[in-house]
Structure formats: structure tokens, C-alpha cells
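Written below as C-alpha cells is the structure these notes are about.
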Amino acid sequence: MPTAFNLFRVIAISVVSCLTLAAISHHYLFNATENVVGRSMRHDIAWTGTNGRLEAAHFEKYVARFGALGTTKDAEAAQLYYQILRSRLSTWNSGVFRKFIESSPERLELLNTVTARVENLETDIARIEMPDARKRVLDALSEISPVIEQIGAETFINSMQQSSAVRDDLRYHQELYYWLFIALMLSGVIAIVFTAYQNRSLRLAHLAEAKQADKLFFLARHDSLTKLPNRSAFEAAYTSALERKTGDDQIVIAAIDLDGFKSVNDLLGHAAGDAVLIAVSKLLTAETLNQDSRNVVCRIGGDEFLALLWMPSNAPMSMEFANRILKTLSRPLETRFGEIMIGASIGMATSEDNAVDDLIVSADLALTRAKVAGKGVALSFQPDMLVDLKRRLRLEADLGLAVAADQIKPYYQPKVDPSTLQLTGLEALARWRHPELGWISPAEFVPIAEGSGAIFKIGKMMLDAACRDAISIPSDISISVNLSVLQILNDDIVDVVKQVLSSHRVPASRLTLEITESVMMTDTEKVLDVLTNLKKLGVRISLDDFGTGYSALSYLARFNWDELKIDRSFIQGALCDPMNLTIIRTVKILAQEIDAKLTIEGVETHEQHELLRGIGCDTAQGYLFGPPVPLADLEPLLLGALTGKQTKGKDEKKLPVDLTDYVIAIN
């Protein structure tokens with residue numbers, strides 16, 4: 001018995017020891033397995049690196065294709081992949097990927113260099129239609145792509161190494177599991193319980209991996225902020241809809257752009273802007289899905305949304321939807337920042353009115369026309385919008401040639417003292433006569449020039465021509481030149497003005513630079529800083545189109561303006577609308593208070609002229625006193641015929657110019 005008892009005790013101790021060892025081993029293996037699984041999730045960065053390589057390759061491909069074929073879709077694809085590449089580099093600079101980058105100083109330096117190079121391509125990407133911009137992009141890509149390829153390859157190698165280590169660890173722990181299972185089999189039921197428990201741990205690990213994979217798949221096809229489908233998912237839904245569409249259905253694409261969203265970001269911050277986007281996405285989703293569960297809404301970036309709508313054939317419901325959205329978004333949005341007002345412009349295109357593969361483009365064209373028409377407007381696609389697009393594309397292509405061929409020339413319009421009819425100045429206005437299309441309105445080609453970057457060359461040419469021509473006219477006549485917002489925001493504008501004045505030896509006091517009120521709405525602090533530096537050169541600064549809807553008296557208080565130019569709409573309505581007349585008189589008083597001259601544009605009749613004389617305006621401008629004409633046509637009329645004299649040189653005594661006979665002649 002003692003021997004049996006001792007044997008039992010030995011067995012009992014052995015069993016207890018085995019169970020204790022099993023328990024300790026189980027605890028160790030459980031934690032080790034969880035750690036290995038966690039490592040497998042943390043270090044799997046190969047897909048991020050691979051995507052970066054692919055996106056860089058696609059970007060380079062579409063830039064090259066656009067250079068070879070010149071198609072708009074390739075340009076749009078290149079611009080899209082540029083934004084994707086920038087986003088990818090932002091991803092590389094955060095999270096686990098950033099830790100991987102920082103593990104090598106050389107790799108970190110390469111990524112910083114590439115990121116900076118890609119960011120510097122933004123202007124050239126916006127001007128990708130220009131060969132020089134496209135060449136710079138391709139040249140930059142020849143340096144950027146190998147670095148991205150190198151980093152992407154290194155991530156793959158790193159992930160393979162980590163995966164190999166993880167597999168070795170898992171294989172080692174699996175062997176321990178085997179021997180532990182043998183030990184637990186000797187312990188009976190406890191071993192079975194332990195095994196069941198460990199199986200449960202493995203199932204949880206697999207579920208965690210599956211959940212992570214689902215999350216990554218969702219993020220790849222959805223906007224991270226609003227959780228709406230992204231453009232890729234929308235295009236897939238659009239293609240599927242066209243395949244499933246029957247004769248009883250029509251597909252409607254709505255392109256939606258928020259009005260005033262930039263002001264929300266500027267005034268309340270980007271967090272408030274994000275809250276607005278989330279609120280709008282919920283409203284759009286509710287409106288579309290309540291109409292048909294097959295409808296889809298996506299956010300394609302910024303404050304732009306696309307909606308795919310299923311509607312009965314021949315049912316005029318698309319504009320009803322658009323007007324309902326406009327009405328909904330005209331009400332204050334409830335956000336955690338309080339109620340925020342926002343609006344929208346909408347472009348609509350239906351499959352019954354368009355070629356099916358042009359719906360998204362057609363909706364975008366309608367949206368562009370809606371935004372031009374004003375805020376809170378919804379328009380359906382019309383064929384003339386495509387005609388306008390083709391004309392715009394041609395003008396974009398011809399504009400660079402027009403600048404090089406000197407087709408864009410300065411025309412000068414007189415500015416006179418309405419009391420004495422003495423010529424006080426000339427405004428230089430850009431005019432373009434296309435060899436095939438004839439005269440192109442500045443209202444049409446200036447926005448195109450701003451979009452393509454040609455405005456810098458045109459602006460420099462106008463400034464240079466005006467200062468050059470100023471030498472040949474009396475020294476008491478000033479020259480006015482308009483500056484666009486892009487010229488103002490360009491860092492070299494002050495140096496350009498200084499260089500042009502110096503090269504032509506024109507006193508700065510003879511030059512007036514005119515900017516519109518809309519310029520002040522872009523980057524007020526920078527604009528004011530640039531205008532201050534221009535004033536230091538001695539030039540005069542004029543606020544053009546005053547009163548057109550952007551007016552803010554704070555602008556008048558923050559800068560010492562030399563001239564206020566009231567928009568032509570006020571004088572045109574002054575004779576029949578007492579309010580317009582009151583506004584002109586009020587602005588005259590305001591101009592006197594800030595020591596600025598008041599100029600009225602658009603004077604076309606004797607009645608308007610007499611009205612201005614009564615008010616006491618300083619300067620008048622309009623077709624009553626003369627249309628914009630080349631200087632060669634203006635000089636004989638104003639400096640010769642009206643004075644009876646000729647100016648033979650810049651040192652000759654300046655001549656007064658009386659427009660009385662000229663005004664009588666043209667009327």
C-alpha cells in the first residue's frame with residue numbers, strides 16, 4: 001500500500017506537474033500566437049508599397065499617352081492619378097509605413113525628396129495641356145518613378161522577410177502545440193478542454209484577419225470621411241446600370257457641387273467643412289434611396305458629388321429631383337458646429353438625351369454651365385454645351401499660338417474728366433482676333449488663359465505694351481492695366497512691374513493697376529501684401545467693378561486705394577432707378593473720405609454724362625467718349641486732329657487734349 005500510495009502520489013504529482021506545465025505552456029503559446037498574428041497584421045505593408053508603384057506607373061502612362069494622343073480622357077486620367085499619387089505619398093508618410101521609412105535614413109531622405117517633387121508638379125499638372133508643363137512632369141517622373149519603385153520593392157522584401165519570420169514562429173509554436181497535445185492526452189478531459197479553448201483562440205485570430213480584410217476592401221471603394229462610394233465604385237455601378245437598363249428605364253446622372261463650401265472652410269475651419277460634407281452626404285443618400293433603392297450617391301472629391309438615378313422612361317422626373325435637392329440644401333444644415341447655410345449647383349444628364357458613354361461628362365458640362373449661371377441653379381445637358389466645350393478646347397489649343405504670334409493686342413479706351421472733357425487717361429484692354437473665328441471676347445478667352453496659365457504671358461505683354469506706348473503720349477495722361485487674380489498671387493508680380501517700368505523709363509505714377517473685387521475674395525492677406533508692395537513702387541491701385549456683389553467695406557478700410565471704379569450697371573440704370581443714382585452719390589462721398597478718385601464705367605449717352613457732371617465724378621469712361629481702339633487709331637484723333645499739333649518726341653511740351661469735337665463727331 002505504501003508503495004502503491006507512493007506511486008499514486010508520484011503519478012498525482014506528475015499529473016499535477018504536467019497540468020501545471022500544460023497551463024504554463026498554454027498561457028505562453030496563447031500570448032505568443034496572438035503576438036505573431038499581431039505582427040502579421042502590423043508588418044504587412046507590401047500592398048501599400050505595390051499600390052504606390054502601380055499608381056506612379058499609371059500616372060506616368062497617362063501623361064505620356066496624353067502627350068502622344070492629346071485626348072481629354074488621358075489628361076483627366078493623368079490629373080486623377082496625380083491626386084491619387086499625392087494621397088499615396090501622404091499614406092506613406094503616416095502610420096506603420098512611416099515607421100518602415102524611418103528605419104532607414106537614406107529611405108527617409110528619398111521619400112521626402114519624392115514627396116516634395118510630386119507636390120511641386122501641381123501647377124504643371126493643372127497646365128498639362130501645355131507641352132512645356134508636360135515635359136517637366138515627364139522629366140520629374142523619370143527621377144521620381146525609380147525612387148517609388150525602389151521603396152515599393154523594399155516594402156515587398158521587408159514584408160516577405162517579416163512573413164517568413166512569422167511563418168517560422170507559427171511553425172515552431174505548432175510543434176509545441178503537438179507535444180503539448182500529447183501531454184494533454186495523458187491528462188484526459190483537461191487536455192480536451194485546453195485544446196477546445198486554443199481552437200477558439202485561433203478562430204478569433206482568423207476572424208480578426210477577415211474583419212481587417214473587409215475593412216481594407218471597404219476603404220478601397222469608399223470615401224473615408226462620408227463613407228459614400230468613391231468614383232471607382234460609382235463607375236462600376238454606372239457600368240452595371242447601363243448593362244441592366246431596359247426600355248422601361250432611363251439612367252440619370254446628377255453632378256452636384258456645393259456653393260459657398262470654401263467660405264465654410266475659411267471661416268469655420270476644416271472640421272466644420274467635414275461636418276457639412278457628412279451632413280450633405282446623409283441628405284443626398286436619404287433623398288436618392290427613398291426614390292429607388294438602386295440609386296447610388298458618391299463623393300468624387302472636395303465638395304463634389306455624383307448621383308446615379310433610376311427613373312421611368314419618358315418621365316420628366318430628373319429636374320424634380322434636382323429642384324428637391326436644391327430646396328433641401330437651401331435650408332440650414334444641422335451639424336455639431338451649429339446650423340450652417342450651404343447651397344448647391346446641379347448638372348443633369350439622362351440616357352434618353354445622350355449617348356450612354358457620355359452621361360457623366362454631359363452632367364459635368366451641365367454643372368459647369370449651372371455654376372456660370374449663378375448659385376443655386378440646376379440645368380439639364382443641352383447639345384450646345386458640347387459645342388461650347390469643343391470651342392473652349394480649340395481656344396485653349398490656339399491661345400498659346402495666339403500669344404506667340406502676337407494676335408492678342410492692347411486696345412485703348414479713353415478716360416475723361418466729365419466736367420471739362422479733358423482726356424486724363426487710357427485703359428489698356430486685351431483684344432484677340434482669331435484668324436478663323438474672328439473676334440474673341442475677353443470674357444471668353446481670359447478665363448481660358450487663367451486656366452491654362454497663358455494669363456501670365458498675356459499680362460506681361462499687356463503691361464509691357466502699355467508702358468512702351470505711354471512714351472508716345474502726353475505725360476499727363478495715365479495708363480491703366482488690369483491684373484488677374486493669378487498675376488496678383490504670383491510671387492514675381494512686383495518684380496515684373498518694376499522691371500517693365502525701368503526698361504521703358506516710365507514714371508511709376510503714370511501707371512494704374514486695376515484689380516476686381518473678386519480678387520480680394522481669394523487670399524485677402526496675401527493680396528493686400530502684394531498691393532502694398534506695388535504701391536511702394538509708386539504705381540496707383542484701382543478697385544475695379546466696385547459694387548458687383550463682392551463688396552466689403554473692410555477692403556476699403558484696410559488699403560489706401562487711389563481709385564474706385566463703379567460697375568457700368570449702375571450708370572446704365574441711374575436714369576430710371578433712383579436707387580442706382582443714390583448708390584453712385586454715396587460712393588462719391590465715400591471716395592472723397594478715403595482720398596480716392598471715382599471713375600464711372602459704361603457711359604454711353606449725353607443724359608448719363610450730364611448726370612455724372614452733376615454728381616461731380618472725377619473720371620468717366622464709355623463708348624460716348626470712345627471705344628477701345630489701337631493706339632495708332634487713337635493718336636491721330638486725340639493728339640492730332642483735336643489739338644492741331646503733333647508730338648514729335650518725349651521731350652516736347654505736353655499737349656492738352658479736348659474731346660468736345662470728338663464726342664460731337666461720334667454722336
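Residue-level analysis places Glu129 among those that are of a type outside the set (Val, Ile, Thr), assigned to a loop (DSSP other than H, G, I, E, B) and either touching a His at 6+ places or on another chain (Cβ under 6 Å) or touching a residue at least 60 places away in the same chain (Cβ under 8 Å) (or both). On the basis of being part of a helix (DSSP H, G or I), in contact with a strand residue (DSSP E or B) (Cβ under 6 Å, 6 or more places away or on another chain) and modelled with pLDDT under 85, does Lys371 make the cut? Yes, satisfied.
For region 305-367, which fully contained strands (runs of 3 or more DSSP E) count at least 3 residues that are modelled with pLDDT under 85 and closer than 22 Å to Leu228 by Cβ? By residue number, no strands (runs of 3 or more DSSP E) qualify.
Of the residues making up region 557-583, those that are more than 15 Å from Glu607 (Cα to Cα) and either buried (at least 19 other Cβ atoms within 10 Å of the Cβ) or among the acidic types (Asp, Glu) (or both) are Trp561, Asp562, Glu563, Leu564, Lys565, Ile566, Asp567. Could you list all residues from region 441-451 that are buried (at least 22 other Cβ atoms within 10 Å of the Cβ) and of a type in the set (Gly, Ala, Ser)? Ala449, the sole residue that qualifies. Going through region 594-610 one residue at a time, which ones are over 17 Å from Ser569 (Cβ atoms) and part of a loop (DSSP other than H, G, I, E, B)? Once the filter is applied, which keeps residues that are over 17 Å from Ser569 (Cβ atoms) and part of a loop (DSSP other than H, G, I, E, B), region 594-610 yields Ile594, Asp595, Ala596. The residues listed here are Ala116, Ala133; of these, the one that is modelled with pLDDT under 85 and either assigned by TED's automatic domain parsing to the domain that holds Lys61 or over 29 Å from Ile300 (Cα atoms) (or both) is Ala133. If I filter region 94-107 for residues that are within 22 Å of the chain's Cα centre (by Cα), in a helix (DSSP H, G or I) and not assigned by TED's automatic domain parsing to the domain that holds Pro447, do I get at least one hit? Looking for residues that are within 22 Å of the chain's Cα centre (by Cα), in a helix (DSSP H, G or I) and not assigned by TED's automatic domain parsing to the domain that holds Pro447, one finds none in region 94-107, hence no. Among the criteria (1) in a helix (DSSP H, G or I); (2) more than 25 Å from Ala454 (Cα to Cα); (3) among the small types (Gly, Ala, Ser), the one Ala397 does not fulfil is (2).
Restricted to region 499-550, and to residues that are part of a helix (DSSP H, G or I) and of a type in the set (Asp, Glu), which residue is farthest from Asp595 (Cα to Cα)? Of everything passing the filter in region 499-550, Glu525 is farthest from Asp595 (Cα to Cα).
The residue list Glu143, Glu76 contains one member that is out of contact with any Cys (no Cβ under 7 Å at 6 or more places or on another chain), free of Cβ contacts under 8 Å to residues at least 24 places away in the same chain and part of a helix (DSSP H, G or I), which is Glu76.
The values are calculated or read from the model by the stated rules, or taken from the named source; none is laboratory data. Computed from a predicted structure; not experimentally measured. Ideal geometry is used to build each Cβ from the backbone, glycine not excepted, and the neighbour counts take in all protein chains shown.
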